[in-house]
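Trainee: Sending over a structure as structure tokens; questions will come in a sec.
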Amino acid sequence: MSDLAAVVVNHDAGEVLARCVASLRDEGVDDVVVVDNASGDGSVAALLAQDPAVEVVHTGANLGYGSGANRGLAATEGALVLVSNPDVAVHPGALEALARVLRSQPATAIVGPCIREADGSRYPSARRFPSMTDAAGHALLGQIAPDNRFSRRYRMAEIDAAVTTPVDWVSGACFMARRAALEELGGFDERYFMYVEDVDLCWRAHQAGWQVLYVPEAEVTHLQGVSTARRPYRMLVAHHLSALRFASRTSAGSRRVLLPGVALVLAVRLVIAMAKQAWGARRHGGAPGAD
């Protein structure tokens, strides 16, 4: 596909990076840029041994996902751009399905595929912007009762798994976008180090009059947390700080008086998440990491 470029943001993803790029090559993507955020695991060397033609942008530091993606976007020229985690493998026909939707619907900025987990189950990658009530309910109950009504509404549990559907946002683990829209939006907001940068990007797209679509015909497999699992506590903190930043950005008028409550709810959720992480590490016989 001559009008499609792909940007893969890597940080210590190991052998899955080469698999990701191979899956893109199998789907006919010639313009592949890997942005490496100061990996130290040899993943880039292994990739180049397999695919010497791939372009690698070395950032020199771990800049975070959105910042890395922006540097990859600047190094590509395709009218359509796939942005992906390194632990994603695209299924046959997935990229063509996403590109077909973007080509046929000029008001659409971003399209997201059906993301499968390693066991084949569907990850809830298409979601709503949560109301304050749903956000609080999901934050407090999501860790201990994942099937609660707030989380189900936020995760669009009722979505038709076979129909292309307008949604509020799609996961940044893998999506395709119209370059013109990304340039209009200024790309990712680099104040988010990790997490919620995808929610923010889609929110700004809607604010600018663009549409975001979930395209279940396109499927990818995501091996979640390959690099973030090495630093679980740091990533948990980053996630909750990003959520607070997004709440602050999108709250206007009288809703801003609720922000201290949002911060408190997120702090409680962070404590629960850290306790759950530590308990899981003990159960599996490993000591939790220092991050």
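Read-outs: derived from the displayed coordinates by stated rules, not from any lab. Since the model is a prediction, treat every value here as computed from it, not as a measurement. Note that we place each Cβ from the backbone using ideal geometry, even for glycine, and neighbour counts take in every protein chain shown.
Trainee: From the C-alpha gyration tensor of the range 131-211, pull out the three semi-axes of the equivalent ellipsoid (sqrt of 5λ each), sorted largest to smallest, in whole Å. Could the numbers behind the result be given before it?
Mentor: Numbers: eigenvalues 129, 53, 24 Å².
Each semi-axis is the square root of five times an eigenvalue, giving 25, 16, 11 Å.
Trainee: In angstroms, what radius of gyration and Dmax does the range 232-283 have, counting Cα atoms only?
Mentor: So, for the range 232-283, Rg and Dmax equal 13.2, 46 Å respectively.
Trainee: With a cut-off of 8 Å between alpha carbons and a minimum separation of six or more residues, what is the relative contact order of the chain in percent? Can you show the working numbers first?
Mentor: Working: 538 pairs, mean separation 59.4, N = 291.
Value for the chain: 20 percent.
Trainee: Related question: Output the Kirkwood hydrodynamic radius of the chain, Cα pairs only, in Å rounded to one decimal.
Mentor: Details: mean 1/r = 0.0512 Å⁻¹.
Final number for the Kirkwood radius of the chain is 19.5 Å.
Trainee: Placing unit charges on C-beta atoms (Lys and Arg positive, Asp and Glu negative, everything else neutral), compute the dipole magnitude of the chain about its Cα centre in debye, rounded to 20.
Mentor: Details: 28 positive and 31 negative charges, 306 e Å.
With only Lys, Arg, Asp and Glu charged at Cβ, the dipole is about 1460 debye.
Trainee: Students often check this: by mean Cβ neighbours within 10 Å, which of 236-243, 11-18 ranks highest, and how do the rest follow? Don't skip to the answer; put the middle values down first.
Mentor: Numbers: 236-243: 19.9, 11-18: 21.8.
Peptide ranking by packing, descending: 11-18, 236-243.
Trainee: Order the peptides 265-272, 251-258, 114-121 from the highest to the lowest mean number of other Cβ atoms within 10 Å of their residues. Don't skip to the end; give the middle numbers.
Mentor: On the way: 265-272: 17.4, 251-258: 10.2, 114-121: 13.2.
Highest-to-lowest ranking by the protection proxy: 265-272, 114-121, 251-258.
Trainee: Let me ask something else. Show me the helices of the chain, taken as full DSSP H stretches, that run 18 Å or more along their long axis by Cα and average 0.0 or above in Kyte-Doolittle hydropathy. Walk me through the numbers before you get to the answer.
Mentor: Values: long enough: 232-250 (27 Å, 0.03); 259-283 (36 Å, 1.00).
Helix filter hits for the chain: 232-250, 259-283.
Trainee: Counting DSSP beta bridges in the chain, what percent are antiparallel, to the nearest 5? Mind showing how you got there, number by number?
Mentor: Numbers: 16 of 39 bridges.
Taking every DSSP beta bridge with both residues in the chain, the antiparallel ones total about 40 percent.
Trainee: In nm, give the distance between the simple-model label positions of D51 and N148, each being 7 Å from the Cα along the Cα-to-Cβ direction.
Mentor: About 4.1 nm, to one decimal.
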